[in-house]
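Following: one structure in structure tokens, then a few remarks.
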Amino acid sequence: MKLLLFSDVHCSQPAVERLVAMSERADVVVGAGDFGTMRRGLADTLAPFRELSRPLVLVPGNAESDEELREVADWQGVHVLHGNGVQVDGCEFFGLGGGIPVTPFGDWSFDLDEETARTKLADCPVGGVLLVHSPPWGAVDVSSRGQHLGSQAIRETVLDRNPRLTVCGHIHDCGGRWETLGETTVVNAGPAGILWDLESNAAVNATAS
């Protein structure tokens, strides 16, 4: 199975148009949040994805809530996850969106504290694909100032449930990169899109940095 992974397009129509074109090479398209910007622009940004001929699996970022995302992404073939999972073409996906831990951005940001995140991650299956907006602490979560900004709850889940792949975004400085945490590859997808072969657990169109 080939996945098209992306995150953090933040209302960029050129980025979305490129992703729609790239999707023809994938079996499933996977978006790790922050499609809009500060709770605005979500509907216009996602509109081109209605043309997809592939299933689309999404989690909200901190720039949109799960309710806002479900209201907009309402067409057949799209799955919005937030503390729940779905099976697509025989593969188990489990998702959790939002900024974790709580960000310093204020009331507009859709955030969860670590304890809430632990509760919502409790049903994450073993060996599936974990889709989160925030990265786990210690993997593709380093800011330009060298700070780890990831989630301890997500880290614990990755180490306990050993997903085949964890897809995230949120920390733009690590966009397009991936690292290993325990037995799991963690990909910070970024807006350019990464084609990922799930069977070989490797990128098709990019080189790790």
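Restricting attention to the stretch 110-132, does a residue exist that is on the phi < 0 side of the Ramachandran plot, polar (S, T, N, Q) and either in contact (Cβ under 8 Å) with a residue 60 or more places away in the chain or buried (at least 24 other Cβ atoms within 10 Å of the Cβ) (or both)? No, every residue in the stretch 110-132 fails to be on the phi < 0 side of the Ramachandran plot, polar (S, T, N, Q) and either in contact (Cβ under 8 Å) with a residue 60 or more places away in the chain or buried (at least 24 other Cβ atoms within 10 Å of the Cβ) (or both). Scanning the stretch 37-79 for residues that are touching a residue at least 40 places away in the same chain (Cβ under 8 Å), small (Gly, Ala, Ser) and surrounded by fewer than 22 Cβ atoms within 10 Å (Cβ to Cβ) yields a single hit, Ser65.
Which of the residues spanning the stretch 120-144 are among the charged types (D, E, K, R) and over 18 Å from Gly176 (Cβ atoms)? So that I can check it myself, show each step before the final result.
From the stretch 120-144, those among the charged types (D, E, K, R) are 120, 123, 141; that's our starting set.
Result: Lys120, Asp123.
For Gly90, the test of being under 21 Å from Thr157 (Cα atoms) and small (Gly, Ala, Ser) is failed.
For the stretch 35-56, state whether one or more residues are of a type in the set (Val, Ile, Thr) and closer than 18 Å to Val88 by Cβ. Taking every residue of the stretch 35-56 in turn, none turns out to be of a type in the set (Val, Ile, Thr) and closer than 18 Å to Val88 by Cβ. If you go through the stretch 186-209 and keep only what is outside any loop (DSSP other than H, G, I, E, B) and surrounded by 21 or more Cβ atoms within 10 Å (Cβ to Cβ), you end up with Val186, Val187, Asn188, Ile194, Trp196. Listed by position, the strands (runs of 3 or more DSSP E) inside the stretch 1-99 whose residues that are within 23 Å of Val129 (Cβ to Cβ), modelled with pLDDT of 95 or more and over 11 Å from the mean Cα position of the chain (by Cα) number at least 2 are 2-6, 78-80, 84-88, 91-96. Listed conditions (1) without any contact (Cβ under 8 Å) to a residue 40 or more places away in the chain; (2) surrounded by 18 or more Cβ atoms within 10 Å (Cβ to Cβ); (3) not hydrophobic (A, V, I, L, M, F, W, C); (4) not in a strand (DSSP E or B) are all met by Pro104, apart from (2).
Got at least one residue in the stretch 110-126 being modelled with pLDDT of 95 or more and under 16 Å from Ala189 (Cβ atoms)? If you could, list the steps in order and put the result at the bottom.
Initially, the stretch 110-126 is screened for residues modelled with pLDDT of 95 or more, giving 110-126.
Retained after the next criterion (residues that are under 16 Å from Ala189 (Cβ atoms)): none.
No - not one qualifying residue is present in the stretch 110-126.
Here Gly33 passes the criteria (1) among the small types (Gly, Ala, Ser); (2) over 18 Å from His172 (Cβ atoms); (3) touching a Gly at 6+ places or on another chain (Cβ under 7 Å) except the one numbered (2).
Criterion first (within 30 Å of His148 (Cα to Cα), buried (at least 18 other Cβ atoms within 10 Å of the Cβ) and out of contact with any Leu (no Cβ under 8 Å at 6 or more places or on another chain)) does Asp34 satisfy it?
Numbers: within 30 Å of His148 (Cα to Cα): yes; buried (at least 18 other Cβ atoms within 10 Å of the Cβ): yes; out of contact with any Leu (no Cβ under 8 Å at 6 or more places or on another chain): yes.
Here the answer is yes, as Asp34 does meet what is asked.
Just checking, which of Val140, Val167 is on the phi < 0 side of the Ramachandran plot and surrounded by 18 or more Cβ atoms within 10 Å (Cβ to Cβ)? Going through Val140, Val167 in turn, the sole match is Val167.
The values are calculated or read from the model by the stated rules, or taken from the named source; none is laboratory data. What you see is a predicted model; the values in this text were computed from it and never measured. Glycine also receives a Cβ, built like all others from the backbone with ideal geometry; neighbour counts cover every protein chain displayed.
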